[in-house]
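The values are calculated or read from the model by the stated rules, or taken from the named source; none is laboratory data. This is a predicted model, so every value here is computed, not measured. Quick reminder, even Gly has a Cβ in these numbers, built from the backbone with ideal geometry, and neighbours come from all protein chains shown.
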Amino acid sequence: MNRGDFILVNAFTGHLAKGNQCCVLLLDDLADSQRLQDLAADFNLPATSFIRRMDAHNYQVRWFAPEGEINLCGHGTIAASAVLFEADPSIDEISFHYGEVILLGKREVSGVAITGTPIPSAEVEIPSHVLTGFKGKAAAYYTSSNKDIVLFENADDVCSMNPDWNALRKSNTFAYVVTATGDDSDFVSRVFLPYVSFLEDQATGSAHMLLTPFWSERLAKNEMKAHQLSKRGGRMSCGYHDNLVTLTAETLIFGQESLIP
């Protein structure tokens with residue numbers, strides 16, 4: 001992979017038209033936030049991962065959506081890991097540095113794994129805009145530093161949910177992850193974002209950094225299968241050990257090009 005190359009990846013799937021799309025772009029410098037934002041807007045994908053090589057096993061990373069910078073992007077990290085592992089078969093582990101946050105990417109037989117710190121959540125009373133926005137299906141509500149969790153009674157309600165966006169926009173909450181126990185997986189989810197152009201995220205790593213400890217406690221399991229029930233869908237294995245979350249999934253690299261100098 002050369003500087004200026006950008007590679008297109010579907011994360012949390014091994015198929016075209018599935019999973020979550022990401023553009024991975026290798027640059028010499030990531031300091032110019034406006035340039036990164038402009039590039040992400042032109043790519044117009046859910047996320048663009050900008051990476052800068054520090055050494056063979058360490059990369060600086062920044063993630064941008066078309067509307068702004070992303071503070072934590074799991075599918076962007078899995079995509080970047082897949083690209084770098086494809087470029088150098090001798091490398092099996094890479095650390096991605098975002099400020100003080102470090103995410104570990106690891107090559108696995110079943111795909112790519114990323115490991116990071118869990119995101120805790122706390123139960124609160126269900127707000128009225130959530131009851132209205134999710135049409136009375138919310139059974140419990142949990143806040144976190146990343147996304148808020150809306151617990152549903154069953155997977156069918158998660159699958160069929162069409163939120164009342166006007167109700168959700170009565171709060172400044174950026175993102176909601178609705179979730180329930182699954183049928184062919186341990187749990188299912190969908191991620192809704194009332195304030196961005198992509199109103200639903202297709203397959204969301206950061207949400208599973210939140211959902212893995214959440215469901216581990218409720219199911220008394222440390223290894224779980226997860227299915228995100230968006231239109232494109234996404235599947236991953238979720239591990240919770242030693243206060244770390246590991247997400248393992250397939251990826252598909254489906255395109256490559258270069259920036260014009």
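Overview of results
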{"read-out": "Top-ranked residue of the range 76-103 - restricted to ones that are under 30 Å from Y141 (Cα atoms) and among the hydrophobic types (A, V, I, L, M, F, W, C), ranked as nearest to the chain's Cα centre (by Cα)", "value": "I78"}
{"read-out": "Options E217, E223, E257: the member that is of a type in the set (D, E), within 20 Å of the chain's Cα centre (by Cα) and either at pLDDT 95 or above or farther than 20 Å from F134 by Cα (or both)", "value": "E223"}
{"read-out": "Qualifying residue in the range 188-196 (condition: small (G, A, S), in contact with a helix residue (DSSP H, G or I) (Cβ under 9 Å, 6 or more places away or on another chain), under 25 Å from V109 (Cβ atoms) and not assigned by TED's automatic domain parsing to the domain that holds K106)", "value": "no"}
{"read-out": "Of all residues in the range 71-97 being of a type in the set (A, V, I, L, M) and free of Cβ contacts under 8 Å to residues at least 40 places away in the same chain, the one that is surrounded by the fewest Cβ atoms within 10 Å (Cβ to Cβ)", "value": "I91"}
{"read-out": "Scan of the range 7-43 for residues that are of a type in the set (F, W, Y) and either free of Cβ contacts under 8 Å to residues at least 24 places away in the same chain or surrounded by fewer than 21 Cβ atoms within 10 Å (Cβ to Cβ) (or both), ordered by number", "value": "F43"}
{"read-out": "Condition broken by A138, with the remaining ones in (1) part of a loop (DSSP other than H, G, I, E, B); (2) buried (at least 18 other Cβ atoms within 10 Å of the Cβ); (3) not assigned by TED's automatic domain parsing to the domain that holds H227 satisfied", "value": "(3)"}
{"read-out": "Positions within the range 28-61 being closer than 21 Å to G105 by Cα and either touching an Asp or Glu at 6+ places or on another chain (Cβ under 8 Å) or of a type in the set (S, T, Y) (or both), in sequence order", "value": "P46, T48, S49, R52, A56, H57, Y59"}
{"read-out": "Residues of the range 214-247 that turn out to be among the basic types (K, R) and within 17 Å of G74 (Cα to Cα), as a count", "value": "3"}
{"read-out": "The range 162-195, subset over 20 Å from the mean Cα position of the chain (by Cα) and of a type in the set (A, V, I, L, M, F, W, C), residue nearest to W215 (Cα to Cα)", "value": "L168"}
{"read-out": "Which listed residue is in contact with a Pro (Cβ under 8 Å, 6 or more places away or on another chain) and under 27 Å from N44 (Cβ atoms), from S206, S189, S144, S197", "value": "S197"}
{"read-out": "Single residue of A41, A31, A65 found to be at pLDDT 95 or above and within 24 Å of R190 (Cβ to Cβ)", "value": "A65"}
{"read-out": "Tabulated pairs, the range 180-196, first at negative phi and touching a residue at least 60 places away in the same chain (Cβ under 8 Å), second in a strand (DSSP E or B) and of a type in the set (A, V, I, L, M, F, W, C), C-beta under 9 angstrom, 6+ apart or interchain", "value": "V196/A65"}
{"read-out": "All positions within the range 149-174 that are closer than 23 Å to S197 by Cα and in contact with a helix residue (DSSP H, G or I) (Cβ under 8 Å, 6 or more places away or on another chain)", "value": "I149, V150, P163, D164, W165, A167, L168, K170, S171"}
